1. Express the Stokes-Einstein translational diffusion coefficient of the range 2-216 in µm² s⁻¹, to the nearest whole number, given a Kirkwood radius over alpha-carbon pairs, 4 °C and a viscosity of 1.567 mPa s.
2. Any idea what % of Cα-Cα pairs in the range 235-359 are farther than 21 Å?
3. Give me the extension gain from residue 173 to residue 25: residue separation times 0.36 nm, minus the current Cα-Cα distance, reported in nm with one decimal.
4. By how many nm would the segment from residue 214 to residue 193 lengthen if fully extended, with 0.36 nm per residue of separation less the alpha-carbon distance?
5. So for the chain: antiparallel DSSP bridges make up what percent, rounded to the nearest 5?
6. Amide H of residue 28: which non-local residues (sequence gap of 5 or more, or other chain) have their own amide H closer than 5 Å, using H built in the peptide plane?
7. Just 239, 156, 100 to compare: in a GNM of the chain, with alpha carbon springs under 10 Å, which one fluctuates most?
8. Pick out, in residue order, every one of the chymotrypsin sites (Phe, Trp or Tyr not before Pro) in the range 192-285 that is DSSP loop and has at most 14 other C-beta atoms within 10 Å; say none if there are none.
Amino acid sequence: MTDAKKPAPQASRASAKKELPEHFKSYKHVWVFVELERGQVHPVSWELLGEGRKLADKLEVDLCAVVMGAPDGGVALATRDSFEYGADVVYSVTDPLLSDYRNESFTKAMTDLVNSHQPEVLLLGATNLGRDLAGSVATTLRTGLTADSTELAIDDDRSLAATRPTFGGTLLCTIYTLNFRPQMATVRPRVMAMPERVPGRTGKVVPFKLALEETDIITKVLEFIPDAASEDAHLAYADIVVAGGLGLGSPANFRLVKELAEVLGAEYGGSRPLVQKGWITSDRQIGQTGKTIRPKLYIAAGISGAIQHRVGVEGADRILAINTDPNAPILEFAHHGIVGDATKILPALTKAFAERLAARRMAS
Ligand SMILES: Cc1cc2nc3c(=O)[nH]c(=O)nc-3n(C[C@H](O)[C@H](O)[C@H](O)COP(=O)(O)OP(=O)(O)OC[C@H]3O[C@@H](n4cnc5c(N)ncnc54)[C@H](O)[C@@H]3O)c2cc1C
């Protein structure tokens, strides 16, 4: 385990180090599950292909994508995109039983595929779907799974070193799957960077047949009802995020965050205590137990910058922190800091940006 405030050192496990068992040697290649739902691929799949590429290059093996869906469910497009985001091989499982996500059909497809082709590493996004699938695949295969990994590396003996926060985010621990294969990990959206797309890049498609009948599946999908109650916050993929913390003093003052976000065309969010107090909904919480964000600009007002918040925002290109305390931890990692009262600075920023944007509109 390492101090979470310091960068994690290269993974090592001197005491446990040993030669890989002979039967592990048949397990090869790095796999990424491409999460295709209702014709759309979750972008975390491309982020994982970017990260998987580094692991596959270190292991000198292929990077493979697993694409599953109904015949008309976008599998062909997802296959093309998988190659363009770096996959060398796509395992394609197309079956009407895979039209809606059901744990039984997806677990069966994935576990049969793993048993036939034996990947060394299997990565999934830590989304609702990915978490559900990863748990049952790991349990069925009787292998290890490191959930919500924040860093992945390959050790000298080809083991996957999956690092994640522990003890409430105050420490980082590196977890190995020593005795089983494949080595599985999930990673939350936006923790890894989006790789560059190479249009026209292609690879090999390996079709795989799902050995399952509808009568084998207990779960039936009667209807798909989108969650209309959800505010549908798109924090993880927003270019600009404005957030507030307890330093704002009251829920009424939180409107200052929303007003600035509106002028900037940004998403808004907050620290965990604001969710606990009911100032914002949980889908707008930023941090270790909330969303990980990678915006071009992150404006944090009245947020101290506790480690659990920091891990969710340090991928931002630019961080502007507004805080009354010049010694607040957030000012140690923010690119720009304003020491002052956020309830005064936020409206001043909103006014200045609104005027500037209006002037720009007039000029064009
Ligand atoms: C297991 C676990 C998971 C957690 N997960 C998360 C998570 O996902 N996200 C998260 O955010 N937290 C998380 N936390 C909580 C985290 O440890 C902190 O308690 C929390 O981030 C603090 O929120 P805050 O910065 O809003 O409040 P505070 O720490 O109280 O900071 C308020 C800040 O506002 C400043 N301030 C005061 N008045 C003003 C003003 N008028 N203008 C400007 N600045 C002002 C203060 O100087 C201070 O720096 C987690 C904790 C645990 C144990």
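Coordinate-derived values only; no laboratory data. Since this is a predicted model, take the numbers as computed values, not measurements. Here the Cβ is made from the backbone with ideal geometry for all residues, glycine too, and neighbour counts use every protein chain on show.
1. Working: Rh = 17.4 Å.
Value of D from the Cα-based Kirkwood radius: 74 µm²/s.
2. Details: 2250 of 7750 pairs.
Roughly 29 percent, rounded to a whole number.
3. Details: separation 148, 0.36 × 148 = 53.28 nm, distance 2.63 nm.
Net length gain for the segment: 50.6 nm.
4. Between residue 214 and residue 193, full extension yields an extra 3.7 nm.
5. Working: 13 of 60 bridges.
Close to 20 percent.
6. Here the answer is 120, since their amide H atoms fall under 5 Å of that of residue 28.
7. Sorting by GNM fluctuation, first place goes to 156.
8. Details: sites: 208, 224, 237, 254, 268, 279; in loops: 224, 279.
Sites meeting the loop and neighbour criteria: 224.
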